[in-house]
Amino acid sequence: MSLNRVILGLDISTSRIGIAAVTTDENLVFADTISFKMKEMPLLTRAFLFENTIGKILKVEQMHPMAVYVEEPFTMFSGGRTTANTMAKLQRFNGMCCYAIRRGIYNMDPELIPARTCRSLNEIKIPRGSNTKQLIIDWVSQKYPKDFKYELTRHGNPKPGTDDKADAVVVALAGLKKFKENA
């Protein structure tokens with residue numbers, strides 16, 4: 001049994017986690033999301049589910065991460081949409097998931113990368129006022145037309161979670177660039 005050596009990229013939020021894996025030659029070998037459907041589910045339970053699920057994914061997909069990169073959670077308020085409570089909850093959950101990675105994935109410490117740095121390393125330009133989520137989905141779809149598949153809602157929009165999965169791909173590719181710099 002041959003394991004794929006990959007760079008793992010994660011986009012962590014409290015409702016879903018985007019996961020992507022790329023090889024050192026930038027092939028996309030995995031992209032998906034873990035969704036937490038119950039809003040009342042405690043963060044510790046979500047972190048436990050994440051740890052179990054990521055372990056199963058790595059085993060089933062026969063992937064061996066060489067490095068893990070996580071999109072850094074926001075640390076600034078964004079125009080009234082984010083409360084201090086929401087930011088604190090996201091920071092806590094991100095820390096729990098990073099600890100789960102440390103425990104469960106070959107004693108590997110994940111590295112945090114800001115979203116802006118991920119886009120910059122991939123030369124993704126987002127014009128002011130644009131729909132960032134859609135532009136990221138489009139960019140990943142163009143880069144991986146055969147490997148990055150997603151469904152649309154009945155209104156023609158990407159289904160929820162598609163943006164998380166696309167963000168994880170961008171994180172993995174940015175992580176690969178950082179990994180190669182440090183090699």
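What Kirkwood radius, in Å to one decimal, follows from the Cα pairs of region 129-183? Can you show the working numbers first?
On the way: mean 1/r = 0.0819 Å⁻¹.
Averaging 1/r across every pair of different Cα atoms and inverting gives 12.2 Å.
TYR99 accessible area, nearest 10 Å², 1.4 Å probe?
Number for this one is 140 Å².
Here are labelled values, (i) 17.1; (ii) 11.3; (iii) 9.6, and one is the computed mean projected area of the Cα convex hull in nm² for what I pasted. Which one?
Read-out taken from this structure: (ii).
With a 1.4 Å probe and all protein chains in place, put ASP11, ASP167, ASP25, ASP32 in order of accessible area, largest first. Could you put the intermediate results ahead of the total?
Details: ASP11 10, ASP167 35, ASP25 105, ASP32 70 Å².
In descending accessible area the options line up as ASP25, ASP32, ASP167, ASP11.
Past 24 Å, Cα to Cα, is the threshold; run LYS39/LYS177; LYS125/LYS180; LYS125/LYS177; LYS59/LYS149 against it and keep the listed order.
LYS39/LYS177
In the chain, once you exclude exposed GluC sites (Glu not before Pro) (DSSP loop, at most 16 other Cβ within 10 angstrom), what's the longest stretch remaining?
The longest such stretch corresponds to 62-122.
Could you tell me the convex hull volume per residue, in Å³, taken over the Cα atoms of region 21-78?
On the way: hull volume 8.2 nm³, N = 58.
Convex hull volume per residue, Cα atoms: 141 Å³.
For the chain, what proportion of DSSP beta bridges, expressed in % and rounded to the nearest 5, is antiparallel? Before the final figure, lay out each step's value.
Details: 14 of 24 bridges.
Antiparallel bridges make up about 60 percent of those DSSP assigns within the chain.
When 1/r is averaged over all different Cα pairs and the result inverted, which Kirkwood radius in Å belongs to region 85-142? Walk me through the intermediate numbers first.
Details: mean 1/r = 0.0724 Å⁻¹.
Its Kirkwood hydrodynamic radius stands at 13.8 Å.
The values are calculated or read from the model by the stated rules, or taken from the named source; none is laboratory data. Since we're looking at a predicted model, the values are computed, not measured. Glycine also receives a Cβ, built like all others from the backbone with ideal geometry; neighbour counts cover every protein chain displayed. Keep in mind that these areas ignore ligands, DNA and RNA; they rest on the heavy atoms of the full protein, side chains included. Shrake-Rupley method; radii C 1.70, N 1.55, O 1.52, S 1.80 Å.
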